[in-house]
1. Looking at the range 93-113, is at least one residue in a loop (DSSP other than H, G, I, E, B), in contact with a strand residue (DSSP E or B) (Cβ under 9 Å, 6 or more places away or on another chain) and without any contact (Cβ under 8 Å) to a residue 60 or more places away in the chain?
2. Looking at (1) at positive phi; (2) of a type outside the set (Lys, Arg); (3) surrounded by 12 or more Cβ atoms within 10 Å (Cβ to Cβ), can you tell me which one Gly61 breaks?
3. May I ask you to list the residues in the range 86-108 that are touching a Phe, Trp or Tyr at 6+ places or on another chain (Cβ under 7 Å) and either on the phi > 0 side of the Ramachandran plot or not hydroxyl-bearing (Ser, Thr, Tyr) (or both)?
4. So, Gly23, is that one free of Cβ contacts under 8 Å to residues at least 12 places away in the same chain and of a type outside the set (A, V, I, L, M) or not?
5. What tally of residues in the range 1-20 results from selecting those that are without any contact (Cβ under 8 Å) to a residue 40 or more places away in the chain and either in contact with a Lys or Arg (Cβ under 9 Å, 6 or more places away or on another chain) or within 18 Å of Pro63 (Cα to Cα) (or both)?
6. Out of everything in the range 61-80 that is among the aliphatic types (A, V, I, L, M) and in contact (Cβ under 8 Å) with a residue 24 or more places away in the chain, what residue ends up being farthest from Leu12 (Cα to Cα)?
7. Would you check if there is a residue in the range 42-62 being assigned to a strand (DSSP E or B) and under 14 Å from the mean Cα position of the chain (by Cα)?
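Taken together, the values in this text are just the output of simple stated rules run on the coordinates, not laboratory data. Note that this is a predicted model, so its numbers are computed, not measured. No Cβ is skipped: glycine too gets one built from the backbone with ideal geometry, and neighbour counts run over all protein chains shown.
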Amino acid sequence: MHDTTELELLALNQELLDAIANGDWAAYSRLCDPKLSAIEPEAPGQIVSGLGFHKFYFDLGKPSVPRQTSICQPLVHVAGDMAVVAYVRLVQKLENGVPKTVASAETRVWIRNGASWRHLHFHRSPLDS
């Protein structure tokens, strides 16, 4: 069972993923630290820092097909003002009218500043389907 802080982090993490799925830059940038760093397939072999890299994708416009994002098997570690949320992310969408689910393994690091949490770093790896 998750405690109150873990539940808060899971809710924030879902809000972040929903912002990504919906192309909601305002929500995404509110949840992220300006120094956000990432290791992800979109930046092959590189660690990207800051929000500019990610804003490029939001500026392309909102997704034209509906998406649903689920967090599976979450594991939350809280150590003082830092937290790690690890899980498998499932994204359901339509491709050429056919339902498709894409899976990735994700680890997201959150930092608490006062009463609020901000997303600081993530590592995402696609999983074969």
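1. The answer is no, given that none of the residues of the range 93-113 is in a loop (DSSP other than H, G, I, E, B), in contact with a strand residue (DSSP E or B) (Cβ under 9 Å, 6 or more places away or on another chain) and without any contact (Cβ under 8 Å) to a residue 60 or more places away in the chain.
2. (3)
3. Glu106, Arg108
4. No, not satisfied.
5. Residues meeting the conditions: 2.
6. Val65
7. No, the conditions are met nowhere in the range 42-62.
Each row is one residue, and each column tells you yes or no for (1) surrounded by fewer than 16 Cβ atoms within 10 Å (Cβ to Cβ); (2) acidic (Asp, Glu); (3) in contact with a helix residue (DSSP H, G or I) (Cβ under 9 Å, 6 or more places away or on another chain).
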position	(1), (2), (3)
Gln73	yes, no, no
Val88	yes, no, no
Val91	no, no, yes
Glu95	yes, yes, no
Pro99	yes, no, no
Val109	no, no, no
Leu120	no, no, no
